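Right, one structure below, let's go through it.
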Amino acid sequence: LLILGSGGFSHGYNRMVEIVPLLVKKYATVYILPTTFDISYPPVKKFLEELPEHVSIFCREGRSHSDLSEIIPQHRLFLDHDTALEFDYSKWRRRSYGVLNAFRDDKESSERPLPEGNQDVSAGPDHQWQALLDTISEYSIVHTNRAHVSIAAALMGKETHIYPSSYFKQKEIYEFSLARFKG
């Protein structure tokens with residue numbers, strides 16, 4: 001079983017700690033693809049401590065990997081980039097103008113006030129990914145605290161400004177995966 005990576009193991013969003021234990025019972029081998037884990041939230045830490053031996057984890061940034069190395073045996077713990085970095089964004093690379101402010105307005109938002117005209121473009125259902133990429137491609141500069149907006153914007157060649165959300169995820173993904181795209 002491959003479980004898609006996500007931010008579903010944090011204080012704000014943690015439903016995965018309930019879903020994954022039910023799923024892994026049905027499979028002999030399970031991989032959780034590159035994900036961020038916030039073990040400061042007790043249910044996430046407990047979930048990891050109780051994870052069966054047949055489940056391996058890929059972390060998408062260094063802090064999660066470091067934190068989990070105290071809980072998960074080394075042979076079941078890996079560090080790799082978010083799978084969104086493997087996508088071909090060439091269709092969305094185009095000359096564009098203007099500034100997109102795409103800040104979270106949900107449980108994971110930071111305490112900073114939202115800028116006027118903010119568009120939380122990644123708040124919709126997962127099946128709307130093409131609309132998300134179409135929107136990002138229209139702008140030359142992107143300000144965001146959403147992981148996949150920052151990844152898409154950077155890989156489209158946009159001037160991308162990344163801000164913190166409610167926990168360490170943005171900073172860590174930037175340092176591990178996106179810092180190399182600095183222009």
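The values are calculated or read from the model by the stated rules, or taken from the named source; none is laboratory data. The structure presented is a predicted model; accordingly, all values stated were derived computationally and were not measured. Note that we place each Cβ from the backbone using ideal geometry, even for glycine, and neighbour counts take in every protein chain shown. Surface areas here come from the heavy atoms of the whole protein model, side chains and all, with no ligands, DNA or RNA. Shrake-Rupley method; radii C 1.70, N 1.55, O 1.52, S 1.80 Å.
S66 passes every criterion in (1) surrounded by 15 or more Cβ atoms within 10 Å (Cβ to Cβ); (2) at pLDDT 95 or above apart from (1). If we keep just the residues of region 40-64 that are in contact with a strand residue (DSSP E or B) (Cβ under 9 Å, 6 or more places away or on another chain) and in contact (Cβ under 8 Å) with a residue 40 or more places away in the chain, which is farthest from F9 (Cα to Cα)? Top of the filtered list is G62. Could you list all residues from region 136-155 that are open to solvent by less than 10 Å² (accessible area, probe 1.4 Å) and either among the charged types (D, E, K, R) or not in a helix (DSSP H, G or I) (or both)? Of everything in region 136-155, those that are open to solvent by less than 10 Å² (accessible area, probe 1.4 Å) and either among the charged types (D, E, K, R) or not in a helix (DSSP H, G or I) (or both) turn out to be V142, T144, N145. Residues in region 84-129 that are surrounded by 15 or more Cβ atoms within 10 Å (Cβ to Cβ) and in contact with a Gly (Cβ under 7 Å, 6 or more places away or on another chain): N101, E108.
From the list E108, E175, the lone residue that is outside any loop (DSSP other than H, G, I, E, B) and among the acidic types (D, E) is E175.
Of D67, D120, which residue is among the charged types (D, E, K, R), touching a strand residue (DSSP E or B) at 6+ places or on another chain (Cβ under 9 Å) and in a helix (DSSP H, G or I)? Exactly one of D67, D120 is among the charged types (D, E, K, R), touching a strand residue (DSSP E or B) at 6+ places or on another chain (Cβ under 9 Å) and in a helix (DSSP H, G or I), namely D67.
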